[in-house]
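Where a number appears in this text, it was derived from the coordinates with a stated rule and is not lab data. Keep in mind that this is a model prediction, so the values were computed, not measured. So basically every Cβ, Gly included, is an ideal-geometry build from the backbone, and we count neighbours across all protein chains shown.
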Amino acid sequence: MKPIILQGHERSLTQIVFNFEGDLLFSASKDSVVNAWFTSNGERLGTFGGIKGDGGHNGTVWTVAVDSQTRFLITGAADNTMKLWEISTGKCLFTWDFLTAVKRVAWNEEDDTILSITEQRSGQPSIIRIYKINRDEPTQQTTTPITTMTLSGSKATVALWTPLSEYILTGHESGKVAKYDVKSGEEVNYIDDAHSGEITDIQGSPDGTYFITSSKDKTARIFDSETLEEMKVFPTETPLNSACIAPLRPYIILGGGQDAMSVTTTSQRAGKFESRFWHKLFEEEVGRVKGHFGPINTLAVHPQGKAYASGAEDGFVRVHWFDESYFRSRPFGDLEPEVEV
Amino acid sequence: MSEIEKIDGFTEEEQLDFEAELQEGFTEIEERYAVDTQQGFENVLVMDNIPVIDESKKQKLIDRLRQLFAKAGAPIEEENISMPWDDKAATNKGFIFLTYPDAQQAENALRALDGASFGKSTLYVNRFGDIERYANLPVGEGELPTGWREKPYVEKDHLRSWLGDSAGRDQYLTFRDQDVSIWWNGRNGTAEPVKVDGKPLKNNKWGELYLQWSPLGTYLSSLHRVGVALWSGPKLDGTIGVNVLRFTHPGVRLIQFSPCENYLVTWSEEPLDNFENSPNAALRETFGPEDEGNQFVIWDIKAQRVLRTFPADKPIQGEDGPQQVAWPSFKWSPDDAYIAKCNVGTGIAVYELPGMGLMDKKSIKIEGVQNFEWCPMSEKDFAARKAGKGKECSFVYWTPEAQNQPARVSIMSIPSRNILRAKNLFNVTDCKFYWQNQGDFLCVKVDRHARKAKSKKATFCNLELFRVREKDYPVEVIEFKDYVPQFAWEPQGSRFAIVSSNDPNYGQGIPGVVVKYNIDFYQLDQKKGDFIPIKHLDSKIANTLVWSPRGRHIVLATIGSSQKFDVEFWDLDFVVDERRETSEPGANVTMLASGEHYGITDIAWDPSGRYLTTHASSWRSSPEPGFCIWDFKGQQLVHQPMDRFKQFLWRPRPPTLLSKDQIKKVRKELKEFSRTFDEEDAAEENRGSAEKLAQRQRDISEWNAWRARNNKKLEERRSELGKAKKVVKEDHKDDERVEEIVEEMIDETEEVVVG
């Protein structure tokens, strides 16, 4: 499994995503640029923003989301803006302005609605806003959200749509996991102590019926999207920054490492900067992939389960195409069930 | 009442009245004529335990008794002796009344006659009033005497049941975050949770501070903010006061068991308060006003009571930095008979158990004494002690140089206080004592400084080796030019290993510098009777020596370094060819294997010497907490990194009950024995994998059921909302496009690889 190393960012990665077909990868970074890459060979397709970019972000890009048709890109950044981009041209189509940084964005299933989470800072509460996206005239967007959820308790750090776009699932700084009704904006379900530390990532299963969260409390957990019931726990020995569920095979991938602050004082080995593969059903670690020399900040998996990519504090993205043996392996041994994973 | 006879001439009514009157009247009469036994009988004594005789001997007995009384100075007339008679048995009732003329004479007689012997029996004399008083104590009417507490008898669960494991496995305890688990250590590192009634043994109270096994493994002690709890029995739980013993000591931090598990020493950072008015009954009853301000408590474990409390040592003056407690402060003799404490500079206080009184009512005065250590006892010594023979206990202590007086190491026997052996030493900075665990040898490691050096910083080292079992305790001296930071006797053996270093970086604590050590093995030469070096290992990085509890095997480990985490397994009797007798003593010292445990902070052998664990505790801020289990050959069986891992403890075992002959027999018929065990092992292995398989099967079916349920729900909701199934929609696209791309990708990837 020889990785393709994507070198194009000057600072650490914040979020990476595959497009629906898995041929492109979008990477957001603290250097205020979003890059698009061909996943097959690691060639850079283009950038969104940048030093000379027109209408680019002017600060850390915290989050990036691509629609399922690979037409539009949504980004959120520390310059208190959220932007809509046309992928084919790299042009910024629209900019929303906020009072605080945008920490997370996500498209719904139908590609017609997005969510954004703004940071809690300088007296401003953390707010989740839902916007309708005008796909026909993309430069004409409304700045009035259809729903606003102002969070009074612990701020939300990550969020995800449920399969039918009726609800969103959020992960909070306190370790809480909650479920909000998109129409009413009300919290319909929550677990206060889902994790004992900040939730750093939330990613859905291929069909969205369950999701995985990663946390600074060094565990990743799988929850039922419907009931928020905890299904599986994966305890590791390092703070986790990201987790994703591999389609086709019964694995999950976890990434993390020592806090960025204390990285310089520890050896690469002590930092535990590997991606970890765990068996989703048996809750057993099955393997590790080394390579980064900083903590892994973000993980993404190819929607068809053919590859995965990791973006790290070291500024590199590593795309790994799975070997034949990965698909031939028998993760259930002799049990060989008809598991739909 | 209807039984009462009908009296003529009375109506029924009158009769009822009469009856009522009678009822009342009796109590009144009874009260009025009640005999007050406490007054007016001061001159009457009751004598118990006199021989039971029949009529024929009555006169003779009375005569003999009168003789005795007269002799004792309390003569009595015959008519004043009253002997109650049992008519049925035609004998006396075994006691007599003695009526003296007045109370004074009765008192005199009581003192003179009580406990007097009459023939073979002892006579007991009591005041008549006392007998009545104590016989009529208001018992059973809810008015129990103060201090009495109802305690139903509860049978103790077997304290050593874990030794009865059919596979002879050892137990160990792991402590992670707040969770404490106890495991059976199976073959090749397979662990099985210790179960009670089918459920893994769990107790959420254990995770409060830290845990410790008692020296023979009987009790698990858990420390809490309010005190210590000892847990025993197969469940390590049970009735309080029976299988769970509690010792209240607020703020307790350190505990120490006596070697035979009879007593316990606890130390708290907080001095005891005056608990007289404490709302906590346990504190009020446990400690008295005289315990106020004390920090050490000595407990009797079985009686669950305080034997004595002691104040803390005065802090050592002059040294800056946080004050450190020298633990153990109190040291137990190996037979639990004495506990001693060194009062630095003045003497050693030896207390006798269980009374906890100072031996001979005064401590042993030893000018300048710095430290001492009890001599351990072997099984043989214990057996000899039981048979009434055997030596006294003894300890070794040292005193530093004073004016015109050399430093001196002495061995003193207790309780006789004889000096068994003393040796003078010069230019001494510090002494450390190392007893071989059977008490056969003693090594005094003497850190010495140059003769005319201004600072008393130790620069080199002597080993003074006492052969304690031989006559006059012969001493051999081995001189070193280097520091010797580690010394270790082979348990049950006559070999020892030392770590020495002449590395200039030693003791400097420079980060990133790996200090080099030399390791030497010595052996007692049976013919000459002195210790000779058998193997020298140069430039090692290992700084810790851990002998197997059975001897022969030793592990050299690097602990406390930030770069090196080596673990080396050595065998001192490794024989390749059984037939060839090697003449050189050190030829069989062989390294079996070496490994590495990243972040290691502690190392421990299991009680049988078959397994070794290395663990990394988050308390010592290890970069990777967790533990490893190795077999004695150095093969790693388990590597378990665990976040927030704190403690790993093997459960100790009491000494074997097999006699020497039985052990010999086992050795001889090892092949026979091992065959049955091999079979069991094979069966075990099969069962283990079957269990795992079943567990996985369960996991899978649960997962399937859950997924099926969820998918159905999703589909239903989807059709309700009239939304198209996204998966299908996308699948179309996939089929066309993705396949194409995949082909391209493979080609391109290959180019990249070639390029």
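Here is how the numbers come out for the structure above:
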quantity	calculated
Ratio Rg/Rh [Cα only; Rh per Kirkwood] for chain A	0.94
Added length on full extension, which subtracts the Cα-Cα distance from 0.36 nm per residue, B:ASN277 to B:GLU479	66.6 nm
Label-to-label distance, nm, for residues given as B:LEU592 and A:PHE293 (7 Å Cα→Cβ offset)	4.0 nm
Burial order of peptide ranges A:116-129, B:203-216 (average beta-carbon count within 10 Å, highest first)	A:116-129, B:203-216
Extended-chain gain in nm, criterion 0.36 nm per residue less alpha-carbon gap, B:ASN108 and B:GLU208	29.7 nm
Amide H partners (placed H, <5 Å) of B:LYS646, local residues excluded	B:PHE175, B:ARG176, B:ASP177, B:SER618
Sequence-separation-based contact order of segment A:42-114, relative, with Cα cut under 8 Å and 6+ spacing, percent	28 percent
Rg(Cα)/(2.2 N^0.38 Å) for segment B:567-676, N = residue count	1.37
Average partner coverage of B:706-712, which counts Cβ from other chains inside 10 Å	4
Largest-first ellipsoid semi-axes for chain B, taking √(5λ) over the Cα gyration tensor eigenvalues, angstrom	68, 47, 27
Percent RCO, i.e. relative contact order, over chain B, from Cα pairs under 8 Å lying at least 6 residues apart	6 percent
Sites B:ALA694 and A:LYS2 - FRET efficiency at Förster radius 35 Å, r taken between beta-carbons, to 0.05	0.35
For segment A:151-288, alpha-carbon Rg over 2.2 N^0.38 Å	1.05
Order by protection proxy (mean Cβ within 10 Å, highest first), peptides B:80-93, B:624-637	B:624-637, B:80-93
At R0 = 41 Å, FRET efficiency that the Cβ-Cβ distance of B:VAL344 and B:GLU192 yields, to 0.05	0.25
Where labels lie 7 Å past Cα in the beta-carbon direction, separation of B:GLU12 and B:GLU715 in nm	9.1 nm
Gained length - B:LYS633 relative to B:VAL154, 0.36 nm times residue gap less alpha-carbon distance	167.8 nm
Label-to-label distance, nm, for residues given as A:THR227 and A:ASP136 (7 Å Cα→Cβ offset)	4.4 nm
Using alpha-carbon coordinates, inclination of helix B:55-72 to the longest axis of chain B, degrees	80 degrees
Average partner coverage of A:20-28, which counts Cβ from other chains inside 10 Å	2
Calculated FRET value between B:ASN704 and B:SER166, using beta carbons and R₀ = 41 Å, to 0.05	0.60
Options B:GLN436, B:ALA281, B:VAL297, ranked by Cα towards positive dipole end of chain B, top entry (Cβ charges)	B:GLN436
Ordering of A:90-103, A:306-319 by burial proxy (mean other Cβ atoms within 10 Å per residue, highest first)	A:306-319, A:90-103
Prolate/oblate/rounded label for segment A:1-158 (Cα gyration tensor, a/c 1.5)	prolate
Shielding by other protein chains, B:648-661, mean Cβ within 10 Å	0
Over the protein assembly as shown: helical MRE at 222 nm, DSSP H runs n ≥ 4 each giving -39500 (n - 2.57), nearest 500	-5000 deg cm²/dmol
Ranking of B:LYS481, B:LYS58 by count of other Cβ atoms within 10 Å, fewest first	B:LYS481, B:LYS58
Mean Cα-pair separation over length for segment A:4-328, i.e. relative contact order, pairs under 8 Å, 6 or more apart, %	13 percent
Cα-derived Rg to Rh of the protein assembly as shown, Kirkwood definition	1.12
Cα-based convex hull volume of segment B:44-135 per residue, rounded to whole Å³	97 Å³
